[in-house]
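The values are calculated or read from the model by the stated rules, or taken from the named source; none is laboratory data. Predicted model, so just to flag it, every value in this text is computed and none were measured. Using ideal geometry, Cβ is built from the backbone for each residue, glycine included, and neighbour counts are taken over all protein chains shown. Note: accessible area is taken over every heavy atom of the protein model, side chains too, but ligands, DNA and RNA are not part of it. Shrake-Rupley method; radii C 1.70, N 1.55, O 1.52, S 1.80 Å.
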Amino acid sequence: QVQLAESGGGLVQAGASLRLSCAVSGRTFRNYHMGWFRQAPGKEREFVAFTHWISGSYYADSVKGRFDISVDNAKNTVYLQMNSLKPEDTAVYYCAASTLGGSKETSYEYWGQGTQVTVSL
């Protein structure tokens, strides 16, 4: 069983940076691929990034080069460092955990409640 709790969202200007955090409960942290997804109102939830200590990290083309996913195993926390933010990055960002991994939403069994990121012009 895994519980996830995102934090760190907010309102920022275009070009700014923001770091999201995902606190992960449980003692099987390394058994999961950790992912970030986002969803804007009226749009489908889309993949942002995932990471695993063995498999490495993978990013959606839309955020590649701007976002970085990382983990702090000692703190049981997953981060999404977002740089050069654009208005189109505005969405609710969700942390998720998967035993399988990948970029498909359906592969993730556990989800956080989401944190709002708003990027203004």
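Tabulated data
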item: Strands (runs of 3 or more DSSP E) lying entirely in the stretch 1-113 (those with 3 or more residues that are open to solvent by less than 30 Å² (accessible area, probe 1.4 Å) and touching a Phe, Trp or Tyr at 6+ places or on another chain (Cβ under 9 Å)); result: 18-24, 33-39, 46-52, 77-82, 91-98
item: Residue check for residue 118: buried (at least 19 other Cβ atoms within 10 Å of the Cβ) and either among the basic types (Lys, Arg) or touching a Ser or Thr at 6+ places or on another chain (Cβ under 8 Å) (or both); result: no
item: Count - residues of the stretch 18-61 that are over 18 Å from residue 72 (Cβ atoms) and at pLDDT 95 or above; result: 14
